[in-house]
1. As an exercise: evaluate residue 398 against (1) of a type in the set (Asp, Glu); (2) surrounded by fewer than 18 Cβ atoms within 10 Å (Cβ to Cβ); (3) out of contact with any strand residue (DSSP E or B) (no Cβ under 7 Å at 6 or more places or on another chain) and give the number of the one condition it does not meet.
2. Could you check residue 318 against (1) assigned to a loop (DSSP other than H, G, I, E, B); (2) surrounded by fewer than 17 Cβ atoms within 10 Å (Cβ to Cβ) and say which number it fails?
3. Kindly indicate whether any position in the range 144-153 is without any contact (Cβ under 8 Å) to a residue 40 or more places away in the chain and not hydrophobic (A, V, I, L, M, F, W, C).
4. Looking at this structure, is residue 214 crowded, with 23+ Cβ neighbours inside 10 Å, farther than 24 Å from residue 46 by Cα and at pLDDT 90 or above?
5. If residue 520 satisfies all but one of (1) out of contact with any helix residue (DSSP H, G or I) (no Cβ under 9 Å at 6 or more places or on another chain); (2) of a type in the set (Val, Ile, Thr); (3) closer than 21 Å to residue 414 by Cβ, what's the number of the condition it fails?
6. Going through 485, 559 one at a time, which residue ends up being of a type in the set (Ser, Thr, Tyr) and closer than 29 Å to residue 301 by Cα?
7. Give the range 457-511 a look and list any residue that's basic (Lys, Arg) and farther than 26 Å from residue 194 by Cβ, or say none.
8. Quick test for you: out of 466, 458, 499, pick the one residue that is more than 26 Å from residue 343 (Cβ to Cβ) and at pLDDT 95 or above.
Amino acid sequence: MPGASEGALLAFRIMNTFSDVHLSVIVPMRGTLADFERTLCLNRAMLGRAGLELVLVLGEPGLEPETHALMQHYADIQWTLLALEGEPGEAWRARAINAGVRHSLGKFVLVCGENIAFMSDVPAQVLTGLLGQPNAVVLGRCGHASVEQWQAAGSRAALFSQVAPAQIDPASLGALTGVSREALEAVGGYDESVSGDSAGENNLRIRLEAAGYGLLVSPHVLNVHISDFAKAPGGWPEMPADSAAYSPDSTMAASGRLNQMGPEHRARYVDGRLPDPMAQAPELLQCQGFAPWLAMRSLRLCPVCYRFTHYQAARGYCALCLPQPAAGTGRVRILGVIQVRNEAALLRGCLDHLRPYVDGFVILDDGSTDDTSRMIEAEPRLVAHLRNPVTNPHHWDEKGNKQRLLSAAKKMGADWVLVCDADERLEALFLQHLRAMAGVLAPLRLPCVSLALRELWDQPDQYRVDGVWGRKRVARFFALPDRISFDATTALHGPWYPDEVGARGNFIVTGYHMYHLRMIHAADRLARRDRYKQLDPNNQFQEIGYDYLTDESNGLALSPVSALRAYDMASLP
C-alpha cells in the first residue's frame, strides 16, 4: 500500500499555548542540509513569526542530529520535523508532502521546495490571500538562480529581476502552492502514483480546480530557486509523456493518499520545537498593501488531442474538442487491414466492430489450420483475401506480410488504411470520428495517426498503466504513399507504416485508445512472453526483453475503461 513504508509514529510534538498556527510551511527535503540552510537564512525573518510553523520532512537517512542542531540555531522558528523510512523514489515528494500535511497544525499550508528563497513576504502574502478567498489555490512567480548569481546580487529585487521569467503562465508557477487543509483533504492530497515533481504539482492543481477551488496568482509573490547550478525553468510539459497527470481523467481518480494512512502508518519520527514565548515578531495577519490576486487556469489537457484546453485552440481531429467537425473536402477510401493466423475465436468480433466504419477489408491468412479462412471468405466487405501456405514449423515473416497487405490495399484503391489485429479493439470514439479525421488531415503530406495502446489486464474493462504500460503507442491509421517498402524496418516489432511515411510523413500523436485483448488472462500473457522469447532469444529487437510482460513485482496500477472511452464489448468472444 502506498505510504506503508513510512513506519510507526515513535515521537511526539512538543506543545504549549504560545501560538495558534495559521499557516504550516511544508518543505520536503531530499538534498543536503547545506542546501536548505542556504535559503533558510534568507527566509528566517519571515518564518520566525507567531502563527507560522515550518514542517521539514527528511528523506535522507541519518540527518536527524544535524537537523536538531539547525533547529536549535534557528530557535525563533516553530519547527516540526518528520523523517520518513524507505528510499526516496519518484513518488517520494508526494508521499512526504502528504505526511507533512497530516502532521501539520495550520488551517492553511504552503508547500515549497528546500531550495526556495522568498524574494517577497511570501508566507504573509499567501495567508492573506487564502483568508480572503479560502476556496482558492494561491501560486507565485519563480526564478532560478545559481549560488554565484545569488552571491553577486546586490539585493533580492535585483536577483529576482535578473532570473525571473517575463511571462506569468502555469509553466512558470511550479515553485509553491498555498491551499487550505480542507481543500487538500477534499481531493485526497498529492497523488503518489504520479511521476515527476512538476507533473505531481500540476496534477494536484487540476484536481483542486475540478473540485471547485480556483487558482490565483499574484505577480508580487516572488521566489527564487537557488542551487549550485542554475536550474532551467521547467517550461510546458512534454506531451504525451506526462499526459496521464494532466488529463481530466485524473481528476476523477482522486488517487492521493492524504487520508488513507492510520496511526500505524505515519512518520517514524516527529519532533516539534517552539520559539521563545517572549520573542517579539510582527504578526502574520498585520501585513498590508498586497496587490490583488489574479485568476489563473490549470494545465488541463485533452486526453485525446493533448492540447492544453485553457491555452490552445481546438484541433479538428479531436472528437472531444470538436464533436461535430467540419466536413472534409471529398470522400476518402478507407480499408481495414488485418493479418491473422488461427484467430477464429477473435476475428469475427474484430470484423464486426470495424465494419460500419471502413469501406472494406484486406486480410492475410498466415497459414491458419482452424476455421479462420472460412470466416474470412464469409466477410461481406472483403475486397482481398491473401494466403500464406501452412508450414510446420510456422515461419513468421513480419515485413513480407506488411508489404503484401499494404500493396494489396493500394491496388484496391485505398487512400487510408486502418490496421487492426484480431485481438485488438478500437475505442468507439475514434471509430465514430474516423472519416472526419481523415478529411481534416488530408491536406497534410502522408498523415499518420498514432494511438495509445492499452493492455487490458485481468478484466476486459481495465488496463495496466504503471511504468512502460502507460506509455505504449502504435501508429495504425495512415495515408498510403505511392511506393510501399519496408527496407528500413526491423524484422520484428517494426512499425506498420511504410518507409516513405516514416521518412517524410506527418505524425499526429493522439490519446485515442486501442485496446489489446491478448493480455487479459495470465495464461495468455505467459504464452505471449514465451512466444517472443523464442522469436527473439537475445532481445535483438526489443532491448527491454519480454519478461516484463508477466512481471508485477514493482507494483500494479490499473485504470478502468471509462464509459466515454469504451470499445464495443459485444465484440468479445
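1. (2)
2. Going through (1) assigned to a loop (DSSP other than H, G, I, E, B); (2) surrounded by fewer than 17 Cβ atoms within 10 Å (Cβ to Cβ) one by one, residue 318 breaks only (2).
3. yes
4. no
5. Here residue 520 clears every test but (3).
6. Residue meeting the stated conditions: 559.
7. 476, 483, 504
8. Only one candidate passes the filter, namely 499.
The values are calculated or read from the model by the stated rules, or taken from the named source; none is laboratory data. Remember, predicted model here, so these are calculated numbers, not experimental data. Cβ sites come from the backbone with ideal geometry, for glycine too, and all protein chains shown count toward neighbours.
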